[in-house]
Amino acid sequence: MRRARRRDNEPRRCGVTATATGPDTRPEPGQDANLKRDLGYWSLTGVACGGIIGSGWLFGSFYGAQAAGPAAVISWVIGGAALTLVALVLIELGAGRPEAGGMVRWPFIANGPLAGTLIGWTMLLAVASTMAAQASAIVQYANRYLPGLYEDEALTLRGRFAGVGLLLVLVILNWFGVRLFARLNLLVTAVKVLVPVLTIVALLVSSFHPGNISAGGGFAPYGWSASLTAIAGAGIIYAIDGFASPIELSAEAKNPRRDIPRAVLTAIGLAVLLNIVLQLTFVFAVPTESLGDGWRGLTFASPFGELALLLNLSWLAAVVYADAVFSPGGSTYVAVAAGSRETYAVAKNEALPRWFAGVSERSGVPRRAMALNFALSVVILLPSSGWRDLITVVGTLALLTYALCSVAAGTFREAAPERLAGWVRGLGWIAPAGFVVASELVHWSDWENLRIALPELLAAVLLFAVLRRRDLDLRAELRTGAWLLGYLVWLLVMSGLGSFGGMNLIPAPWDTVAVALSALATYRWGVRSGVAHLRR
């Protein structure tokens with residue numbers, strides 16, 4: 001389709017340009033040419049590892065054992081396989097047509113303004129909330145060294161402003177270019193990997209109890225289904241998430257087709273391996289006498305730190321508590337960089353004023369988008385009481401983004417194969433499998449979270465209709481995006497009726513089976529709708 005030229009005196013209507021065959025909903029390009037292509041394989045791998053290894057390793061093994069006993073090892077394997085499927089879809093998109101903030105752009109291009117705007121606002125909220133939550137977590141841990149930041153299970157006023165100051169420092173470090181960011185992140189990531197490896201060696205040398213496999217009620221004391229529940233409920237999936245940052249920075253990669261797949265898959269493989277070994281280490285290192293009430297009887301507030309103190313390894317406890325501040329700081333550093341590209345893409349989609357799609361010619365950084373994320377994160381952080389108050393809905397929003405990217409990949413495969421890299425063999429089954437996996441992870445996120453997140457997204461559809469009623473054919477857009485509305489509705493209903501915090505009218509595992517079948521049908525619906533949209 002050839003785009004019609006817009007006369008200089010013709011008003012631009014939110015990125016919609018008239019053509020001979022109908023409205024072309026693709027906005028004009030942003031300032032991608034100003035982005036610096038400075039990221040090689042090692043830089044991209046460091047970005048992926050830096051995004052993954054944060055506070056998750058400090059808690060995932062404990063909550064996994066508490067939820068499923070030693071069988072939590074299986075949870076890590078299943079979670080790693082699930083995210084690898086999702087990652088393959090994103091790799092194919094990112095390596096084929098590198099885009100700054102691609103996860104926001106691809107649904108817009110494939111499925112139109114409704115999907116693009118909805119996912120854009122979702123990512124905007126997720127990025128700001130993630131930055132605020134990570135800053136809150138760092139301040140909570142830092143309270144051990146600087147008392148007065150966190151009291152009575154809430155951030156103090158001093159603690160909240162300390163979090164704002166931390167975010168400001170991380171923004172400044174990202175302000176001067178992606179090359180400086182990549183070099184600092186590689187150094188930070190090396191330290192972040194070293195500490196859990198040191199923890200593994202020190203604990204296994206000091207305390208090794210192979211009998212723990214059966215001491216707490218056997219290998220699977222709470223049944224095999226507990227291994228599935230632990231994937232979402234124990235934070236396992238979140239401990240190995242964060243791999244998408246190199247994809248969001250793909251427009252700044254030297255050789256995206258070669259380096260992005262290798263970097264992302266390397267990072268996921270290393271993260272899964274590290275967490276499996278950490279899980280086994282925790283299981284074997286816990287003193288057997290502590291398992292009198294089973295694995296659910298363990299009550300560690302800071303698992304590896306307290307376990308080190310229990311084993312008289314005070315030096316290791318000091319290292320772990322220091323890393324509890326350092327590792328989330330490194331993850332937040334990555335989140336600031338990747339998040340600015342996502343917000344830049346939201347502006348390119350016309351879901352924000354186009355002014356935020358500016359890129360500094362000198363630094364190659366979307367500074368306006370970064371400043372907006374900082375401002376929003378401050379607005380979210382200051383009234384909050386702490387990490388738990390912030391993180392509730394963030395994970396669900398990110399998983400929905402993965403689902404929509406799977407539909408975009410399926411759409412491009414049928415109607416615009418030139419947008420794909422051709423790197424991933426079997427995309428015809430991997431894309432729908434990725435959509436099913438992402439949908440299952442959303443469902444397993446628990447009714448308590450979904451009853452808040454999904455109605456908010458449905459309400460955003462009404463806001464879209466109000467804001468775009470004059471420059472779009474709303475009936476046509478709602479027809480194009482009807483699959484997405486249906487998707488959000490049935491996810492909400494299924495969660496309310498299911499076994500993950502719902503009424504249990506559809507008991508396990510049948511609610512999981514029903515979600516898989518519904519997801520497959522919705523995927524086909526979304527792809528057909530996207531193909532029709534691209535061929536209009």
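Could you grab me the full set of residues in the stretch 340-370 that are in a helix (DSSP H, G or I) and touching a Ser or Thr at 6+ places or on another chain (Cβ under 7 Å)?
Matches in the stretch 340-370: Phe356, Arg367, Ala369, Met370.
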Task: Candidate set: the stretch 430-483, residues that are buried (at least 21 other Cβ atoms within 10 Å of the Cβ), closer than 20 Å to Leu125 by Cβ and aliphatic (A, V, I, L, M); chosen: the one modelled with the lowest pLDDT - done: Ala453
- [ ] List every residue pair whose Cβ atoms lie under 7 Å apart, where the two residues are 6 or more positions apart in sequence or sit on different chains, the first residue falls within the stretch 236-256 and is at positive phi, and the second residue, located anywhere, is among the hydrophobic types (A, V, I, L, M, F, W, C) and surrounded by 24 or more Cβ atoms within 10 Å (Cβ to Cβ).
- [x] Gly242/Ile52
TODO: Answer with yes or no whether Val264 is crowded, with 20+ Cβ neighbours inside 10 Å, over 20 Å from Leu298 (Cβ atoms), modelled with pLDDT of 85 or more and in contact with a Pro (Cβ under 7 Å, 6 or more places away or on another chain).
DONE: yes
Task: Yes/no for Leu517 being surrounded by fewer than 21 Cβ atoms within 10 Å (Cβ to Cβ) and under 24 Å from Ala431 (Cα atoms) - done: yes
Open item on the list: Looking at the stretch 299-312 only, could you name the residues that are under 31 Å from the mean Cα position of the chain (by Cα) and not hydroxyl-bearing (Ser, Thr, Tyr)?
Closed with: Phe300, Ala301, Pro303, Phe304, Gly305, Glu306, Leu307, Ala308
Task: Subset tally (residues that are closer than 30 Å to Gly79 by Cα and either in a loop (DSSP other than H, G, I, E, B) or over 25 Å from the mean Cα position of the chain (by Cα) (or both)) for the stretch 445-479 - done: 2
Task: Cβ-Cβ under 6 Å pairs, at least 6 apart or on other chains, the stretch 127-151 side more than 14 Å from Gly329 (Cβ to Cβ) and without any contact (Cβ under 8 Å) to a residue 12 or more places away in the chain, far side assigned to a helix (DSSP H, G or I) and among the basic types (Lys, Arg) - done: Gly148/Arg158
TODO: Collect the residues in the stretch 270-298 that are without any contact (Cβ under 8 Å) to a residue 12 or more places away in the chain and either under 24 Å from the mean Cα position of the chain (by Cα) or under 21 Å from Trp423 (Cα atoms) (or both), keeping them in residue-number order.
DONE: Leu273
- [ ] Scan the stretch 127-147 for residues that are surrounded by fewer than 24 Cβ atoms within 10 Å (Cβ to Cβ) and touching a Ser or Thr at 6+ places or on another chain (Cβ under 8 Å) and jot them down.
- [x] Ser129
Open item on the list: I'd like to know if the stretch 265-276 contains one or more residues that are among the small types (Gly, Ala, Ser), in contact with a Phe, Trp or Tyr (Cβ under 8 Å, 6 or more places away or on another chain), part of a helix (DSSP H, G or I) and within 23 Å of Thr199 (Cα to Cα).
Closed with: yes
- [ ] Kindly establish whether Arg37 is among the charged types (D, E, K, R) and either modelled with pLDDT under 70 or buried (at least 24 other Cβ atoms within 10 Å of the Cβ) (or both).
- [x] no
Open item on the list: It is to be established whether one or more residues within the stretch 72-79 are at pLDDT 85 or above, over 17 Å from Gly269 (Cα atoms) and assigned to a helix (DSSP H, G or I).
Closed with: yes
- [ ] Tell me which of these Gly428 doesn't satisfy, since it passes every other one: (1) without any contact (Cβ under 8 Å) to a residue 40 or more places away in the chain; (2) in a helix (DSSP H, G or I); (3) more than 18 Å from Trp106 (Cβ to Cβ).
- [x] (3)
Open item on the list: With modelled with pLDDT under 80 and out of contact with any Lys or Arg (no Cβ under 7 Å at 6 or more places or on another chain) as the only criterion, which of Tyr222, Tyr238 stands out?
Closed with: Tyr238
Task: Pairs with Cβ under 9 Å, 6+ apart, first in the stretch 323-341 and under 20 Å from Tyr145 (Cα atoms), second among the basic types (Lys, Arg) - done: Asp323/Lys192; Ala324/Arg144; Val325/Arg144; Phe326/Lys192; Ser327/Lys192; Gly330/Lys192
TODO: Select, from Ala95, Ala100, the only residue that is hydrophobic (A, V, I, L, M, F, W, C), closer than 22 Å to Asp241 by Cα, in contact with a Lys or Arg (Cβ under 7 Å, 6 or more places away or on another chain) and not in a helix (DSSP H, G or I).
DONE: Ala100
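Kindly evaluate Ser439 against the criterion of being over 11 Å from Leu85 (Cα atoms) and out of contact with any strand residue (DSSP E or B) (no Cβ under 7 Å at 6 or more places or on another chain).
yes
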Task: Considering residues of the stretch 369-396 that are among the aliphatic types (A, V, I, L, M) and at pLDDT below 75 only, the residue surrounded by the most Cβ atoms within 10 Å (Cβ to Cβ) - done: Leu390
- [ ] Kindly list the number of the only condition in (1) in a loop (DSSP other than H, G, I, E, B); (2) under 28 Å from Leu270 (Cβ atoms) that fails for Gly148.
- [x] (2)
Open item on the list: If I filter the stretch 313-322 down to residues being touching a residue at least 60 places away in the same chain (Cβ under 8 Å) and more than 29 Å from the chain's Cα centre (by Cα), which single residue comes out as nearest to Thr84 (Cα to Cα)?
Closed with: Leu316
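The values are calculated or read from the model by the stated rules, or taken from the named source; none is laboratory data. This structure is a prediction, so every number in the text was calculated from the model and none was measured. Neighbour counts run over all protein chains shown; Cβ positions are idealised from the backbone, glycine included.
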